[in-house]
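Read the structure below first, then the notes.
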Ligand code: S3P
């Protein structure tokens, strides 16, 4: 089983991916981390040097060309499901899981905004407005996930049960 975790920045995709991979004793794959490694620079530096359109193309290429093990947990970048046919591709190749959080929950978790190019320099109020607006745009993609859970305070064992039930 390949599990693709999707959701907004700060919803805990990387942490939950590691926890699920631990429970399943399988590898965890982080698309942003692969890009950082391949390009030899941070996501923020990549955005600054090449722009967002180049980044979207690159994440699409990495998503589709990676040689995934049979069982693995994949953490995707917050925007990845919303470009090209990425969401459809993930649905065809694994179980997609939307880690949902309310906008105030996301604000409370997004402290390190400087490393996220889309959030640079925002205060809490600006960030809340940005999230509400972006979620309106992105939810149509996130909502195509097979499983949706509110991931605030979510026990990874409960999450795994939910995923297994959906798969069955
Ligand atoms: C982005 C989310 C980031 C990263 C990039 C763009 C987005 O990943 O891919 O900064 O558009 O939401 P995380 O969701 O892991 O922060």
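Values quoted throughout were computed directly from the atomic coordinates according to the rules given, and no laboratory measurement underlies them. Quick caveat, the model's predicted, so the values are computed rather than measured. Note that we place each Cβ from the backbone using ideal geometry, even for glycine, and neighbour counts take in every protein chain shown.
Can you find a residue in segment 11-25 that is in a helix (DSSP H, G or I), more than 12 Å from the ligand (Cβ to nearest atom) and under 27 Å from residue 133 (Cα atoms)? Scanning segment 11-25, I find no residue that is in a helix (DSSP H, G or I), more than 12 Å from the ligand (Cβ to nearest atom) and under 27 Å from residue 133 (Cα atoms), so the answer is no.
With touching a residue at least 40 places away in the same chain (Cβ under 8 Å), more than 23 Å from residue 133 (Cα to Cα), more than 11 Å from the ligand (Cβ to nearest atom) and under 11 Å from the mean Cα position of the chain (by Cα) as the only criterion, which of 74, 97 stands out? Going through 74, 97 in turn, just one is touching a residue at least 40 places away in the same chain (Cβ under 8 Å), more than 23 Å from residue 133 (Cα to Cα), more than 11 Å from the ligand (Cβ to nearest atom) and under 11 Å from the mean Cα position of the chain (by Cα): 74. Summed over segment 140-160, the residues that are part of a helix (DSSP H, G or I) and over 21 Å from residue 14 (Cβ atoms) give a count of 1. The set of residues from segment 121-134 being within 16 Å of residue 108 (Cα to Cα) and part of a helix (DSSP H, G or I) comprises 124, 125, 126, 127, 128, 129, 130, 131, 132. Test residue 118 against the stated conditions and say whether it is within 12 Å of the ligand (Cβ to nearest atom) and part of a strand (DSSP E or B). It is false that residue 118 is within 12 Å of the ligand (Cβ to nearest atom) and part of a strand (DSSP E or B).
If you go through segment 39-71 and keep only what is assigned to a loop (DSSP other than H, G, I, E, B) and within 10 Å of the ligand (Cβ to nearest atom), you end up with just 42. Within segment 134-147, identify whether any single residue is out of contact with any helix residue (DSSP H, G or I) (no Cβ under 7 Å at 6 or more places or on another chain) and within 12 Å of the ligand (Cβ to nearest atom), and answer yes or no. So far as segment 134-147 goes, yes, one or more of its residues are out of contact with any helix residue (DSSP H, G or I) (no Cβ under 7 Å at 6 or more places or on another chain) and within 12 Å of the ligand (Cβ to nearest atom).
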